[in-house]
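K.L.:
Dumping the structure here so I can ask a few things about it.
Read the figures in this text as sums done on the coordinates, not as results from a lab. On a predicted model such as this, the values are computed, not experimentally measured, just so you know. Here the Cβ positions follow ideal geometry from the backbone for every residue, glycine too, while neighbour counts run over all protein chains shown.
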2 protein chains.
Amino acid sequence: MPRLLNAAIARTHSRLCVGLDPDPARAPRGVAHDPQGIVDYLRRVIDATADLACAYKPNLAFFEALGAREGAETLEATLRHIPTGVLTIADAKRGDIGHSSAMYARALFERSGFGAATVNPLMGADCVAPFLDYADRLSFLLCLTSNPGADDFLLHNGLYLQIARRAAEWNRAHGNVGLVVGATRPDSVAAIRAAAPTLPFLVPGVGTQGGEIDAIVRHGRDDQDEGLVFNVSRGILYAGTSASDYTDAARAAAQRYRDAINDVFDGA
Amino acid sequence: MPRLLNAAIARTHSRLCVGLDPDPARAPRGVAHDPQGIVDYLRRVIDATADLACAYKPNLAFFEALGAREGAETLEATLRHIPTGVLTIADAKRGDIGHSSAMYARALFERSGFGAATVNPLMGADCVAPFLDYADRLSFLLCLTSNPGADDFLLHNGLYLQIARRAAEWNRAHGNVGLVVGATRPDSVAAIRAAAPTLPFLVPGVGTQGGEIDAIVRHGRDDQDEGLVFNVSRGILYAGTSASDYTDAARAAAQRYRDAINDVFDGA
């Protein structure tokens, strides 16, 4: 439900989501590569950015790559450290036939306690429904992603707009549907906003992938100025290069992104 | 590489894949609902069907719903019990932008040691590529699923055929791409086979979902008669209703499905 998201945006005066994609091979020098080292690293980044972010988005791929058991422990310890009142988004991109999707929704919303999740809608209504049945959680459906491969299927025959239209319909029951809309394709954002006027957009691709904040805001803002959250992962997590500078560097980067986003909103 | 799949089919004289979707709420009476109880249950089903199946397909949703840590332990203990020479398919339906997909592929193929996985191709080439880079593993891309929601996007503007065509191209590098093709839509199977003449199909939806084996074989077989594997999950796992009969019932059901599939191939 956008309520939790809107409350977090209002309280933190930030539309920045910090993505947690812990890759031991890219971690700053001096960060131990074992699960405890990763947990300490992520907790320090969270401490350094907690007043600057409306949401944190652990990318489950990076945790699972540590090993199923180690990844589960690392994720659990990381989640416990995220302050209440900040939205936690499981970047899981799950989706399956109905009764399997119900199990994924249970895993993310009940077992791990996430407030929101990314969902892959490819398999359609009965794949998405079990996530939306959690009326007090927010589900961001993949709509137009920021990667080159979006050309293959999402941009083929306007699939992304068909997803946006169906998502707007599915939103009517509980008002708890959002869309993942990549920052690298601003020209398409206006069409998605027209198809889904009130849905919040989770926007990845700012930072490392080069997306333009002002173009996204221009095309993607809604009437209430509530509908946009920008995710930055690597640009914050790997802003520093050593154990002695990465918390300061993460904080400085988060501040820069938060302010750049707010400047566009305030100046418009 | 279909090689491992073909070898398993030849050795077991079976095209049956047993799906492992452990739902404590549906388990036979007397099965303990804790992780150890689930492991014992799945191991006994595996023992009862090991000579009848060319593959086992754990559905990760059901393991994750046990809790991240408990699910990881349950999956690990289950996988250790699957005989070598039988294909293990991670029914994970993962897919993300390139470097995240690489993490999912590492989790499934390196950490958990699966021989194959189901992959959600929605995000396109760079989402699928990291899975296919594991040349000795088989990746089944979602193409046309067996659920009602397939109408929403996969059957919209022929997306499923576009996926089949791209999959056939991507198969050229290592010959390690397969497709998930639901048994409930036999009319579309001929078109998928025409678009992807040599790719193996993993066919869910036989059994509980009512798919017809003979129609699928008629439309989906390839020149070498190698390209079809049928998955049955609930029809085997929940064939029995109590702790005293579920292994016999699972074996009888598996035998019935294996024979029904072989009869169609042999009689054709």
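K.L.:
When the helices in chain B are scored as -39500 (n - 2.57) per DSSP H run of 4 or longer and the sum is shared across all residues, what 222 nm value do you end up with, to the nearest 500 deg cm²/dmol?
P.N.:
Estimated from H runs of four or more residues: -13000 deg cm²/dmol.
K.L.:
Let me know the mean shielding of A:142-155 by other chains, meaning the per-residue number of their Cβ atoms within 10 Å of its Cβ.
P.N.:
6
K.L.:
What residues qualify as long-range amide H neighbours of A:L228, i.e. H under 5 Å apart, gap of 5 or more or another chain, H built at 1.01 Å from N?
P.N.:
Those qualifying (amide H under 5 Å, at least 5 residues apart or on another chain) are A:F201.
K.L.:
Calculate the FRET efficiency for B:N6 and B:D51 from the Cβ-Cβ distance with a Förster distance of 22 Å, rounded to the nearest 0.05.
P.N.:
That gives a FRET efficiency of 0.80.
K.L.:
To continue, here is another question. Can you tell me which of A:R258, A:R11, A:R94 moves the most in a GNM of chain A? Springs connect C-alpha atoms under 10 Å apart.
P.N.:
Comparing A:R258, A:R11, A:R94 in the GNM, the peak value goes to A:R11.
K.L.:
Considering amide H positions built from the backbone, and no H for Pro or chain starts, which residues 5 or more places from B:V206, or on another chain, come under 5 Å of its amide H?
P.N.:
B:A183, B:G211, B:N231
K.L.:
A further question follows. Report the Cα centroid-to-centroid distance between the range A:211-268 and the range B:115-169 in angstrom, as an integer.
P.N.:
Computed from Cα coordinates, the inter-centre distance equals 33 Å.
K.L.:
Per-residue HN-Hα couplings for the range A:182-197, Karplus 6.51 cos²θ - 1.76 cosθ + 1.60 at θ = phi - 60°, whole Hz, x for Gly and Pro?
P.N.:
Computed from phi, the couplings for the range A:182-197 are x, 6, 7, 10, x, 4, 8, 5, 4, 5, 5, 5, 5, 6, 9, x Hz.
K.L.:
Separate question: Mind checking which lysines have their C-alpha under 25 Å from A:K57, skipping anything on the same chain fewer than 8 residues away?
P.N.:
Filter leaves A:K93, B:K93.
K.L.:
Would you mind calculating the relative contact order of the range A:108-214 from Cα pairs under 8 angstrom and at least 6 residues apart, reporting the percent as a whole number? Numbers along the way, then the final one.
P.N.:
Numbers: 165 pairs, mean separation 26.5, N = 107.
Over the range A:108-214, the number comes to 25 percent.
K.L.:
Note down the relative contact order for chain A as a percent, whole number, built from C-alpha pairs under 8 angstrom at least six residues apart.
P.N.:
The normalised contact order for chain A reaches 22 percent.
K.L.:
Moving on. What is the gain in length, in nm to one decimal, between B:R26 and B:R44 on full extension, counting 0.36 nm per residue of separation less the C-alpha to C-alpha distance?
P.N.:
Additional length available on full extension: 4.9 nm.
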